[in-house]
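The values are calculated or read from the model by the stated rules, or taken from the named source; none is laboratory data. These numbers come from a predicted model, not from an experiment. Cβ atoms come from the backbone with ideal geometry, glycine included; neighbour counts cover every protein chain shown. Each accessible area value is taken on the protein alone, full model and side chains, heavy atoms only, with ligands, DNA and RNA left out. Shrake-Rupley method; radii C 1.70, N 1.55, O 1.52, S 1.80 Å.
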Amino acid sequence: GINARVHGIIFGRCCLRKQMWHLVVAFYLCYCLAYIAKKLWQEHKVQQLQEQPPKVGRKQRVIVIGAGPGGLTTIKQLKDEGHDVFCIEKYGDLGGVFFASNEKGGVYDSALLTISSHMMAFSDFPPQELVRWWGHEEYMQYLKSYAVTFDLFRHIQFNSAATKISKDGEGWTVFYTYKGEERHEHFDAVAVCCGAHHVPYFPSPPGIETFTGEVHHAATYKNSRIYQNKKVVCVGIGETAADVVYEVAQAASECTLSMRRKPWVINRNPYFPNYPNDLYTTRFRWSANPKIYDFLLTSYYWVLIHVIGIRNPHARVQRELCEASGGGPSSQFLVKNERFIDAIVTKKCQTRGAIDRIEKDTVYFQDGSSVQADMILFCCGYISDITLVENIRISNVREMFKHAFHPKLGASICFIGWARPNTGGVPACAEMQARYFALLLSGKRSLPANWEELTKAESIRDTAQFHNSARLNTLVQYSTFMEDLAKLIGCQLPLFSIAVTDFKLWFRLAFAAQYPSQYRLRGPHALTESSMKFLSRVPFAPYPFTLRVVNVLAPVLTWSIHVLSAGFLFGRPLSFDKTSLWS
């Protein structure tokens with residue numbers, strides 16, 4: 001009898017627990033349905049606003065400083081809005097850092113872009129070929145084709161260098177030299193498109209002034225000829241340095257790579273041939289919370305190194321560098337070029353930590369070791385030197401709204417090209433900045449009422465996220481940056497509505513790479529038909545099984561926590577800095 005009563009109590013409790021689970025499931029189903037209904041209504045209201053007849057824009061006289069990729073797309077977007085555009089370029093041809101000449105140096109001979117062709121291209125001029133890696137000459141040809149197609153050359157005055165920009169009433173006076181002659185003109189608005197890669201950064205280790213050899217910077221590197229049979233110390237590792245270190249190591253009698261901090265290295269084609277690494281920058285991947293994704297991926301690498309073991313020496317060195325980088329891929333700049341690893345594996349390049357001091361021809365490192373050197377080659381990147389505007393010095397581009405609009409200068413002057421995504425291309429971000437700037441000048445869009453507060457909040461967020469690359473204040477998270485600007489422009493995709501009406505398209509938008517052409521499907525100056533055609537033929541990037549688990553599990557865990565927190569926090573889900581698959 002006692003056993004029967006005990007079993008009855010247990011059975012009753014199990015039934016009660018079962019009923020509770022039914023209630024919990026019902027609650028979350030209701031929450032999800034309410035959330036979907038809310039998003040559909042929001043997208044409907046946004047679509048109604050976007051379908052209203054466009055305002056008649058005002059025409060302004062605008063100067064664009066610089067004819068690199070950022071400058072070219074800015075001219076194009078301003079032309080689309082009917083503005084009167086004049087561009088000055090310091091050198092004798094377009095291309096910016098991709099233009100090489102005896103006068104300015106420029107890219108090195110063997111340079112291969114670290115962003116694939118489809119992600120490096122502009123949304124209004126996608127390449128017709130299959131996705132691949134462009135060399136710098138091929139990319140220059142693409143830029144010239146872009147300029148010819150949209151008749152941009154007639155707006156550009158070459159051999160003209162800006163020297164100063166000063167506020168002049170409601171507009172701006174720009175001072176520049178043309179073939180040695182000083183000139184100045186008044187403009188309604190200014191777009192500064194010099195970019196962040198024109199002032200090399202030279203560290204100053206103690207004793208550098210006593211060094212008896214030669215000191216160079218990778219900004220002037222063309223090939224390894226001058227390093228033949230020399231003892232060379234390369235300082236710093238980035239995407240350019242990955243090529244430079246490899247080439248120098250083949251030519252030098254002794255090559256040492258000094259790294260203050262180990263990098264997170266990604267292979268150009270990480271898993272399969274002909275599938276570049278940026279094809280994995282999908283909305284689904286970026287919907288994961290960065291901390292969850294980083295934890296899962298670093299744990300996977302730790303198991304590979306310390307439990308399973310990696311027989312391939314290249315893969316082992318790469319994973320060890322990633323493990324020693326101090327964080328996951330979401331917290332730092334990613335070196336999307338593994339070429340230098342071959343020099344380490346073949347013992348042609350030895351690695352050391354940061355430089356402690358230099359005494360004549362000897363370089364001492366913080367780990368206590370030292371080497372003799374004939375040459376020091378700094379591969380430390382560039383500094384963001386924005387000193388053109390009179391009485392304003394911008395030392396941190398995160399002080400500007402979307403890295404483009406300074407609180408003290410307003411919307412009539414824009415800095416384009418100072419947003420560098422940790423994955424994805426600078427030109428795509430520059431194009432979105434330029435589209436927004438053109439609409440602002442036309443009066444069809446306006447800066448948010450709280451844009452200064454938004455700037456501070458975004459600066460705190462990005463500084464915290466990219467804490468392992470503190471010096472690179474141009475870094476942004478590609479997906480978040482593009483989606484935020486899409487909202488401001490009015491070309492954000494209503495993914496909830498698309499999932500209901502065209503699931504095939506939604507699937508491509510969610511699980512294929514976040515190509516710039518997606519932002520021409522709707523909104524101002526949409527190219528719906530050509531963008532749909534382009535997106536219908538781009539490939540999906542396949543994953544190996546183990547990494548597929550990581551890349552699926554991270555978003556699933558993120559959304560599980562998101563839904564759970566909705567119940568436990570009374571409808572206030574945990575806030576993640578992410579781009580949703582649905583918003």
Just to be sure, is K179 open to solvent by 10 Å² or more (accessible area, probe 1.4 Å), basic (K, R) and closer than 14 Å to T387 by Cα? no
Does V233 satisfy being among the aliphatic types (A, V, I, L, M), in contact with a strand residue (DSSP E or B) (Cβ under 9 Å, 6 or more places away or on another chain) and more than 20 Å from L113 (Cβ to Cβ)? yes
Looking at the range 361-383 only, could you name the residues that are open to solvent by less than 30 Å² (accessible area, probe 1.4 Å), not aromatic (F, W, Y) and not in a loop (DSSP other than H, G, I, E, B)? T362, V363, V371, M375, I376, L377
Contact list, first residue from the range 158-186 and more than 12 Å from I88 (Cβ to Cβ), second anywhere and of a type in the set (A, V, I, L, M) and open to solvent by less than 40 Å² (accessible area, probe 1.4 Å), beta-carbon distance below 6 Å, six or more apart or interchain, is W172/I165; W172/V190
Filter result (in contact (Cβ under 8 Å) with a residue 40 or more places away in the chain and in a helix (DSSP H, G or I)) within the range 280-319: Y280, R283, F284, R285, W286, P290, I292, Y293, L296, L297, Y300, Q318
Scan the helices (runs of 4 or more DSSP H) fully inside the range 410-527 and keep the ones with 1 or more residues being more than 30 Å from R61 (Cβ to Cβ). 451-465, 478-489, 495-501, 503-511
Of the residues S517, S536, which is open to solvent by less than 40 Å² (accessible area, probe 1.4 Å), at pLDDT 85 or above, closer than 29 Å to N269 by Cα and small (G, A, S)? S517
Assuming I489 fulfils every condition listed in (1) open to solvent by 10 Å² or more (accessible area, probe 1.4 Å); (2) at pLDDT 95 or above; (3) farther than 25 Å from E239 by Cα; (4) of a type outside the set (D, E, K, R) apart from one, which condition is it? (1)
Among the strands (runs of 3 or more DSSP E) confined wholly to the range 145-235, which include 3 or more residues that are of a type in the set (D, E, K, R) and over 26 Å from the mean Cα position of the chain (by Cα)? 160-168, 181-187
Can you name the residue in the range 466-486 that is open to solvent by 30 Å² or more (accessible area, probe 1.4 Å) and of a type in the set (D, E, K, R) and is also modelled with the highest pLDDT among such residues? D484
Just the residues that are hydrophobic (A, V, I, L, M, F, W, C) and open to solvent by 20 Å² or more (accessible area, probe 1.4 Å), please, taken from the range 236-251. I237
Identify, please: which residue in the range 374-420 is modelled with pLDDT under 90 and hydrophobic (A, V, I, L, M, F, W, C) and is, among those, farthest from S166 (Cα to Cα)? I383
Which members of the range 536-547 meet the condition of being farther than 15 Å from I292 by Cα and assigned to a helix (DSSP H, G or I)? S536, R537, F545, T546
State yes or no: is P290 out of contact with any strand residue (DSSP E or B) (no Cβ under 9 Å at 6 or more places or on another chain), under 27 Å from W134 (Cα atoms) and not hydroxyl-bearing (S, T, Y)? no
Kindly indicate whether any position in the range 272-284 is open to solvent by 60 Å² or more (accessible area, probe 1.4 Å) and touching a helix residue (DSSP H, G or I) at 6+ places or on another chain (Cβ under 8 Å). no
Within the range 285-298, can you find the residues that are open to solvent by 40 Å² or more (accessible area, probe 1.4 Å) and at pLDDT 85 or above? K291, F295
Filter the range 331-359 down to residues that are of a type in the set (K, R) and in contact with a Phe, Trp or Tyr (Cβ under 7 Å, 6 or more places away or on another chain) and give me whichever is least open to solvent (accessible area, probe 1.4 Å). R352
Scanning the range 244-264 for residues that are at pLDDT below 95 and not in a loop (DSSP other than H, G, I, E, B) gives W264
Close pairs from the range 331-360: first part of a strand (DSSP E or B), partner of a type in the set (D, E, K, R), Cβ under 6 Å, at least 6 apart: V335/E239
Quick one: count up the residues across the range 132-144 that are assigned to a loop (DSSP other than H, G, I, E, B) and open to solvent by 20 Å² or more (accessible area, probe 1.4 Å). 2
Is it true that some residue in the range 90-111 is of a type in the set (K, R), open to solvent by 20 Å² or more (accessible area, probe 1.4 Å), modelled with pLDDT of 95 or more and in contact with a Phe, Trp or Tyr (Cβ under 8 Å, 6 or more places away or on another chain)? no
Here is a list of conditions, (1) open to solvent by 10 Å² or more (accessible area, probe 1.4 Å); (2) of a type in the set (S, T, N, Q); (3) closer than 15 Å to V64 by Cα, and N396 meets all of them except one; can you say which number that is? (3)
